[in-house]
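The structure appears below as structure tokens.
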């Protein structure tokens, strides 16, 4: 078992911060790597212990149990590898903290109280409430994520919002030759069926001039189970890509289109805005950080009638959208995270040492 960055946690005499990374999505992996890098820029010694992905299971209850056990194993391994225990531990996601071997801070996009309703969270929610109360510090990605945590866990001065930074990944392509792009990992939750229906409708209205929809994050066989026809004209499936290749596609795309049934944060949408895409989205419950930004930039592109919003995005884009998006994302740049990490996070993480 190795840290996500390949650097062993026992490479220094004593770590300041060990990040126990669930890493079950690209967004979680990116968030953990950004936090580690920010801690190091602040002068701390930090490393990531990353869970080994477990085998797929049939229910969310079993999936969370498998990931919680994997996170515990990663934490136990990393702690055993240390000559001295780290000064602080940050568990990345509430799931990573459920079976923790040692208390620490918990960083999360959304708690199980918000995204594991009904039978899907029968065992997770009560244990999560206990862990959130026991944690030394709560580090939600957003204020919305914090508000979904149980009220008892939010009492006192134990929370610090720690957003995931989003930066421009490179220069935009001279010509944006991709009409639309979507990220469809976990396609049912991401509402890929709704995106596909909207895309088919727009192609019916605009014909071949609509161009093509590029689908990243999931393979063709998985997408066919939710309605994609094999070899469907106007749709190109690129699957799971390295981050650099995926962001290069964003810099070529005119529109990022999505219709999540719930959004716990929305890193993919924020990355699309940073790289110059128009964001076309259906409204969604959850602490959807990009949603108010998208509404502010062009409310025509955020509506339940996704087909109409997509048609407007492709045929009638507003001038200056990309530059206004970059301005709106200023509070989410690395410099902003670095200021919070240096001035607020590190003193609170290490004040017990």
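Just a few scattered comments:
- Residue check, residue 264 buried (at least 22 other Cβ atoms within 10 Å of the Cβ), closer than 23 Å to residue 175 by Cβ and in contact (Cβ under 8 Å) with a residue 60 or more places away in the chain: no
- Answer residue from the stretch 138-164, given it is more than 20 Å from the chain's Cα centre (by Cα) and surrounded by fewer than 19 Cβ atoms within 10 Å (Cβ to Cβ) and is nearest to residue 113 (Cα to Cα) among those: 150
- Of the residues examined, residue 184 is one that is touching a helix residue (DSSP H, G or I) at 6+ places or on another chain (Cβ under 6 Å), assigned by TED's automatic domain parsing to the domain that holds residue 291 and without any contact (Cβ under 8 Å) to a residue 60 or more places away in the chain.
- Unique match (being part of a loop (DSSP other than H, G, I, E, B) and without any contact (Cβ under 8 Å) to a residue 24 or more places away in the chain) among 227, 231: 231
- Filtering the stretch 16-34 to residues that are more than 23 Å from residue 185 (Cα to Cα) and not in a loop (DSSP other than H, G, I, E, B) leaves 17, 18, 19.
- Whether a residue is outside any loop (DSSP other than H, G, I, E, B), crowded, with 18+ Cβ neighbours inside 10 Å and outside the structural domain of residue 221 (by TED's automatic domain parsing) was assessed, and residue 345 passes this test.
- Inside the stretch 284-313, residues that are under 17 Å from residue 193 (Cβ atoms), in contact with a helix residue (DSSP H, G or I) (Cβ under 8 Å, 6 or more places away or on another chain) and surrounded by fewer than 22 Cβ atoms within 10 Å (Cβ to Cβ) make up a count of 2.
- Test: residue in the stretch 110-122 that is surrounded by 23 or more Cβ atoms within 10 Å (Cβ to Cβ), modelled with pLDDT of 95 or more and touching a helix residue (DSSP H, G or I) at 6+ places or on another chain (Cβ under 9 Å): no
- Options 214, 237; residue that is surrounded by 15 or more Cβ atoms within 10 Å (Cβ to Cβ), without any contact (Cβ under 8 Å) to a residue 40 or more places away in the chain and more than 22 Å from residue 303 (Cα to Cα): 237
- Only one entry of 326, 311, 300 meets the criterion of being farther than 22 Å from residue 202 by Cβ and in the same structural domain as residue 269 (by TED's automatic domain parsing), and that entry is 326.
- Failed criterion for residue 55 (all others in (1) at pLDDT below 95; (2) part of a loop (DSSP other than H, G, I, E, B); (3) in contact with a strand residue (DSSP E or B) (Cβ under 8 Å, 6 or more places away or on another chain) hold): (3)
- One residue from 184, 188 being loosely packed, with under 15 Cβ neighbours inside 10 Å, under 19 Å from the mean Cα position of the chain (by Cα) and within 25 Å of residue 245 (Cβ to Cβ): 188
Every residue, every condition in (1) more than 17 Å from the chain's Cα centre (by Cα); (2) surrounded by fewer than 19 Cβ atoms within 10 Å (Cβ to Cβ); (3) under 28 Å from residue 270 (Cβ atoms), yes or no:
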{"position": "21", "(1), (2), (3)": "no, no, yes"}
{"position": "41", "(1), (2), (3)": "yes, yes, yes"}
{"position": "44", "(1), (2), (3)": "yes, no, yes"}
{"position": "62", "(1), (2), (3)": "yes, yes, no"}
{"position": "65", "(1), (2), (3)": "yes, yes, no"}
{"position": "73", "(1), (2), (3)": "yes, yes, no"}
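- Only residues that are surrounded by 24 or more Cβ atoms within 10 Å (Cβ to Cβ) and over 17 Å from residue 27 (Cα atoms) were counted across the stretch 267-283, and they come to 5.
- Options 201, 207; residue that is closer than 24 Å to residue 318 by Cα, outside any loop (DSSP other than H, G, I, E, B) and without any contact (Cβ under 8 Å) to a residue 12 or more places away in the chain: 207
The values are calculated or read from the model by the stated rules, or taken from the named source; none is laboratory data. Because the structure is a prediction, the values reported are computed rather than measured. Every residue, glycine as well, gets a Cβ built from its backbone with ideal geometry; the counts of neighbours run over all protein chains shown.
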